[in-house]
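Notes follow once the structure below has been shown.
Just so it is clear, none of the values below were taken in a lab; they were calculated from the coordinates. Treat the numbers as computed from the prediction; the structure is a model and nothing was measured. No Cβ is skipped: glycine too gets one built from the backbone with ideal geometry, and neighbour counts run over all protein chains shown.
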Amino acid sequence: MILAFVEHESGLPDELSLEALSLARELATAEGVDLGAAVFGDEGAALADELGPYGVEEIHHVTHDELGGYAPEAWGESLAQLADEIESGTVVVPGSDRGHEVAAHAGATLDAPMATNCVAVEVDDAGVYELERHRWGGSLLEHARLEGDRKLVSAAEHEFPVESADEEAVPTATEFTPSLEADHLRVRVDRVESGDEEGIPLGEARVVVGGGRGVGGPEDYDQLEELADLLGGTVGASRAAINEGWRPHDDQVGQTGAKISPDIYLACGISGAVQHMVGCKGAETILAINTDPEAAIIQKADWAVVGDLHEVVPELNDAIREQ
Ligand code: FAD
């Protein structure tokens with residue numbers, strides 16, 4: 001069995017976990033084995049209805065009195081114990097911070113090899129994985145081999161489209177209670193504060209209007225906000241703009257920020273540094289607005305307007321409003 005670790009919000013699987021399920025299903029098909037899912041949290045049981053369309057045949061709901069909140073070592077230990085209990089093969093996790101943290105702890109307990117941020121995995125006749133994986137947020141592509149009866153892999157963000165299985169499964173649901181010791185609970189999350197998230201989250205937006213140092217100051221983002229509103233999108237920013245204190249950190253697109261995959265990314269006053277581009281390379285179309293015809297982003301964009309964003313963006317806004 002291929003075992004996928006599925007994160008969820010109030011009983012609904014998150015997008016990165018569904019992407020990881022696409023990879024897990026590919027591996028299960030290639031190896032001719034079943035697909036199972038490990039879910040944590042009180043609302044995990046509700047996932048039984050949600051995961052069938054993705055081909056999940058078994059849902060293992062991990063429960064324990066001490067597992068109410070997120071506890072990386074305990075979750076990793078529990079995942080490892082579950083993998084042993086059900087004699088699973090490869091464990092697949094989402095390419096999220098938690099996915100990586102939990103897999104690292106599980107891998108250490110299982111003494112199993114692990115490869116993160118995979119973008120393609122081929123299984124050879126001997127069960128060895130020939131894989132490609134991202135490093136540095138996708139600016140490097142590594143080719144690697146992963147051997148061993150049980151392996152751990154994570155699916156790089158936005159590299160495996162969320163797709164339902166050819167045949168919907170009706171999963172069985174079982175509870176698994178791990179055996180935990182105080183040592184496994186040294187780190188526990190007991191409170192989460194979310195940012196002032198308004199509007200559409202960057203990672204989900206179909207239109208993103210990005211602003212960089214070329215915007216010139218916090219007040220000039222009003223024009224970009226207006227453009228984003230008119231197009232039903234949201235605003236992002238380069239790290240330079242964040243460092244200037246013009247935008248909140250949540251808005252950062254790039255290697256150390258959000259990875260976006262909109263239908264269109266309008267990059268305004270952004271030079272196109274590699275660390276920025278790895279965050280927006282998932283965009284279907286990139287339109288750059290920049291005064292410098294030599295800026296790197298002009299070469300990387302599908303469309304470019306060489307001009308001052310303070311003139312181009314208001315004109316765009318007027319034109320859209322008139323339509
Ligand atoms: P600049 O490079 O200064 O570019 C400004 C652009 O605006 C120029 O091209 C200029 O021609 C144009 N411009 C100026 N005025 C106008 C105008 N009026 N109209 C139109 N165009 C105008 N960066 C990220 O964005 N995200 C990351 O996640 C990230 N992670 C990093 C991680 C590491 C480890 C490191 C070392 C760097 C990282 N960076 C990241 C920083 C990155 O290298 C760049 O410094 C940054 O992206 C530059 O931001 P910028 O394009 O807004 O600014």
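A few points about this structure:
- With both labels modelled 7 Å from their Cα along Cα-to-Cβ, the Gln299 to Asp263 distance reads 3.1 nm.
- Computed 3J(HN,Hα) for the range 168-180, one whole-Hz value per residue from the Karplus formula 6.51 cos²θ - 1.76 cosθ + 1.60 where θ = phi - 60°, is 5, 9, 10, x, 7, 10, 10, 9, 10, 10, x, 9, 10, glycine and proline marked x.
- Among Gly138, Gly44, Gly245: highest mean-square fluctuation, GNM of the chain, C-alpha pairs under 10 Å: Gly245
- Largest mean-square fluctuation among Ala182, Ala46, Ala155, in a Gaussian network model of the chain whose springs join Cα atoms under 10 Å apart, belongs to Ala182.
- Dividing the Cα radius of gyration of the range 259-312 by its Kirkwood radius returns 0.94 for Rg/Rh.
- In the range 207-322, the inverse of the mean reciprocal separation of distinct Cα atoms equals 13.5 Å; this is its Kirkwood hydrodynamic radius.
- Computed [θ] at 222 nm, deg cm²/dmol, the chain (DSSP H ≥ 4; -39,500 (n - 2.57); rounded to nearest 500): -8000 deg cm²/dmol
- Anchor Lys151: lysines whose Cα lies under 20 Å away (excluding residues fewer than 8 positions away in-chain): none
- Between the range 77-125 and the range 287-311, the Cα center-to-center distance that results, in Å: 42 Å
- On full extension, the segment bounded by Asp124 and Thr174 gains 14.8 nm, given 0.36 nm per residue less the C-alpha separation.
- Using a simple spin-label model with pseudo-atoms 7 Å out from Cα toward Cβ, Asp49 and Glu31 lie 3.1 nm apart.
- Working ranking of peptides 50-59, 283-292, 19-28 by packing, defined as the average number of other Cβ atoms within 10 Å per residue, highest first, is 19-28, 50-59, 283-292.
- Per-residue 3J(HN,Hα) values for the range 309-323, derived from phi via the Karplus relation 6.51 cos²θ - 1.76 cosθ + 1.60 with θ = phi - 60°, read 4, 6, 9, 5, 5, x, 5, 4, 4, 4, 4, 5, 4, 6, 6 Hz in sequence order (x marks Gly and Pro).
- Distance distribution P(r), the range 2-184, all Cα-Cα pairs, bin width 5 angstrom from 0: 1, 9, 19, 23, 22, 15, 8, 3, 0 percent.
- Residue-span extension gain [Val274 to Asp222] - 0.36 nm each, minus C-alpha spacing: 16.1 nm
- Applying 1/(1 + (r/R0)^6) with R0 = 25 Å to the Cβ-Cβ distance of Glu204 and Thr256 gives a FRET efficiency near 0.80.
- Global dimensions of the chain from alpha-carbon coordinates: Rg and Dmax equal 21.8, 65 Å.
- Sites Arg135 and Glu66, calculated FRET efficiency, Cβ-Cβ separation with R0 45 Å, nearest 0.05: 0.80
- Between 0 and 90°, nearest 10: helix 221-230 axis offset from the chain longest Cα axis: 70 degrees
- Cross-link partners of Lys281 among lysines, defined as those whose alpha carbon lies under 27 angstrom from its own and excluding same-chain residues fewer than eight positions apart: Lys259, Lys300.
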